[in-house]
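The values are calculated or read from the model by the stated rules, or taken from the named source; none is laboratory data. For clarity, every value in this text was computed on a predicted model and none was experimentally measured. No Cβ is skipped: glycine too gets one built from the backbone with ideal geometry, and neighbour counts run over all protein chains shown. What goes into the accessible areas is simple: the full protein's heavy atoms, side chains included, and nothing from ligands, DNA or RNA. Shrake-Rupley method; radii C 1.70, N 1.55, O 1.52, S 1.80 Å.
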Amino acid sequence: MTPAARRILDTASELFYSKGIHAVGVETIASEAGVTKKTLYDRFGSKDQLIVAYLEERDQKWREHLFSSMDEVPDDQPLDKILRIFDALENWMSTRNKRGCAFVNALAELSEETHPGRKVIIEEKKWLKELFVSLLEQLQLENPDPIAEQLFILHEGLMVTYSLDIYERGTAGAKETVQKLIETADHKKEEA
């Protein structure tokens, strides 16, 4: 990525998240990045492609943050890795996500089902649910998919309550719920 493209993407990312995708035009992004509109279009092709780049980079940063946190837990402790996802989320929300989930915010603005940004958003959410499934499978749950869905919904709800500042027990309460869901789940019988 050229230095100008990096400035454009950094500026767009800040503005899209803080003000909203539709509230920010390419003229504003170019001006604040110190480039011309032509440079913006030369580097990204369109505002839609700039939105895709913003969402892809945000996804990459979230995954790096999440895996960095999860890597502190030994691989043979999948329950602790699941709980660490919620700890990582709390840290992410307090440092980089005070306006709520960037993907949910963007999805609310990208009403056209064919918008290329929607694919990035949907894939990120599917990936997170599948991460829960894979960790639950390591716990030998009989049917991990419904519990993964519940954990995913809990995760998403935690972000909403945090951004609304109605976050009393937050992560601690979410982690207690995770443990109760897993404790009450059917586990596969060990083969004799």
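Worth pointing out:
- Spacing of the modelled spin labels on GLU57 and ASP71, each 7 Å from Cα toward Cβ, amounts to 2.2 nm.
- Shape metrics for region 51-191, restricted to C-alpha atoms - Rg then Dmax, Å: 15.6, 51
- Within the accessible area of the chain (1.4 Å probe), percent carbon and sulfur: 48
- 10 Å Cβ shell holding at most 12 others, DSSP loop, trypsin sites (Lys or Arg not before Pro): longest site-free stretch of the chain: 1-97
- The chain - accessible surface per residue (Å², probe 1.4 Å): 55
- The chain: DSSP helices with Cα axial extent of at least 24 Å and average Kyte-Doolittle hydropathy no lower than 0.0: 144-163
- Considering only ALA172, ALA106, ALA12, the mean-square fluctuation computed in a Gaussian network model of the chain, springs between alpha carbons under 10 angstrom, is largest for ALA172.
- Amide H contacts of LEU141 (H built 1.01 Å from N, under 5 Å, at least 5 apart or other chain): LYS188
- Label-point separation, MET1 to LEU139 (7 Å along Cα→Cβ), nm: 3.6
- Overall, the chain carries a charge dipole of about 940 debye about its Cα centre when +1 sits on the Cβ of Lys and Arg and -1 on the Cβ of Asp and Glu, all other atoms neutral.
- Cα shape, region 1-134, gyration tensor, a/c 1.5 rule: prolate
- Taking region 1-45 and dividing mean pair separation by its residue count, relative contact order in percent (alpha carbons under 8 Å, at least six apart): 44
- Long-range lysine pairs (8 or more apart or interchain), region 3-109, Cα under 18 Å: 5
- Ranking PHE44, PHE16, PHE67 from most to least accessible surface, computed with a 1.4 Å probe over the protein chains only, gives PHE67, PHE44, PHE16.
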